[in-house]
Amino acid sequence: MLYVLMEFCSEGPLTKFIRDNTDIAKRDKWIVDLARGLQHIHSVLVIHRDIKPDNLLIAGDSSGQQTIKYIDFGLAVELNDRESTIGNGKKVGTPTYMSPEVDARQSYAFP
């Protein structure tokens with residue numbers, strides 16, 4: 001049996017903050033967090049395939065700092081190497097947030 005510990009993200013999903021007109025400095029930090037998180041996910045050869053505001057949680061620490069966390073890797077795939085491609089003709093993910101490659105049913109890989 002596999003057990004996964006997940007950090008409690010007390011602030012909730014990013015969706016909530018998008019509606020609340022959060023200040024520009026916070027949004028800038030979140031963009032950096034998102035880029036660093038995606039860089040890490042890709043560095044271990046994983047493609048998430050369902051990145052959307054509801055799958056991004058905000059964790060707050062005791063000092064008030066907030067960090068974005070990726071969740072829901074249920075549709076994620078792990079590639080064998082950077083040259084691997086995925087392209088089985090199926091559309092996977094939330095249509096509104098789907099990548100152009102998936103929408104066009106093309107293969108996709110890391111650049």
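The values are calculated or read from the model by the stated rules, or taken from the named source; none is laboratory data. This is a predicted model, so every value here is computed, not measured. When the accessible area is computed, the model is the full protein with side chains, heavy atoms only, and any ligands, DNA or RNA have been set aside. Shrake-Rupley method; radii C 1.70, N 1.55, O 1.52, S 1.80 Å.
For residue 78, the accessible surface of its heavy atoms amounts to roughly 140 Å² (probe 1.4 Å, protein chains only, rounded to the nearest 10). Here the chain exposes an accessible surface that is 54 percent carbon and sulfur, computed with a 1.4 Å probe and the other protein chains kept in place. Solvent-accessible surface of the chain, averaged per residue with a 1.4 angstrom probe and all protein chains in place: 70 square angstrom. Return the label of the correct value of Cα Rg over 2.2 N^0.38 Å, as calculated from the structure shown, out of (1) 1.02; (2) 1.18; (3) 1.32. Read-out from the structure maps to (2). At the residue level, residue 108 shows approximately 30 square angstrom of accessible surface with a 1.4 angstrom probe and all protein chains present. Helical runs assigned H by DSSP (4 residues or longer) give the chain a calculated mean residue ellipticity at 222 nm of -8000 deg cm²/dmol, each run adding -39500 (n - 2.57) before division by the residue total. Within a straight-line Cα-Cα reach of under 16 Å, residue 29 can be paired with the following lysines, leaving aside sequence neighbours fewer than 8 residues apart in one chain: 69.
Working with all protein chains in place, sort 52, 69 by solvent-accessible area computed with a 1.4 Å probe, largest first.
In descending accessible area the options line up as 69, 52.
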